[in-house]
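Remarks on the structure that follows.
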Amino acid sequence: QVQLVESGGGLVQPGGSLRLSCAAPKIMFRFYNMAWYRQVLGKQRELVASINSDNSTRLADSVKGRFTISRDNTKSTVYLQMNSLKPEDTAVYYCNARFGMNSYWGQGTQVTVSS
């Protein structure tokens, strides 16, 4: 089992910024494809951003130009930099790690964008 630990969520005003972090076990981290998802109560979990082991990235259309995903293999951590936050970004954000057929999830961190 791979334990993922998210941090960095909180309450922010519209237009503000937050950076989420997801710490993973060091062993084999550089081989994992990492991603951030978010979920609003009553709705399906949706992919926000992903970064593969080769550092290729993908962003959901709704966050392009505002969010950036990155990884630091030396710290076995993946980041989600969120700028120009909007109320519709409010959700629980989950970190995901994939390797082969295996997929692991963090416990989630709440992001609330409100004035």
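Trypsin sites (Lys or Arg not before Pro), restricted to region 5-45: which are DSSP loop and have at most 14 other Cβ atoms within 10 Å? Listed in order of number, the matching sites are LYS26, LYS43. Solvent-accessible area per residue in the chain equals 56 Å², computed with a 1.4 angstrom probe and all protein chains kept. What a 1.4 Å probe finds exposed on the chain is 49% carbon and sulfur by accessible area, rounded to a whole percent.
Note on region 52-115: Rg/Rh from C-alpha atoms, Kirkwood Rh, equals 0.98. Within the chain, antiparallel bridges make up roughly 90 percent of the DSSP beta bridges whose residues both belong there. Once you divide the Cα radius of gyration of the chain by 2.2 N^0.38 Å, the number left is 1.00.
Amide H to amide H, with H built 1.01 Å from N, LEU85 comes under 5 Å of GLY15, GLY16, counting only residues 5 or more places away or on other chains.
The values are calculated or read from the model by the stated rules, or taken from the named source; none is laboratory data. Predicted model only: the values in this text are computed from it and were never measured. Don't worry about glycine lacking a Cβ; one is built from the backbone with ideal geometry, like all the others, and counts go over all protein chains shown. With ligands, DNA and RNA removed, areas are computed over all heavy atoms of the protein, side chains included. Shrake-Rupley method; radii C 1.70, N 1.55, O 1.52, S 1.80 Å.
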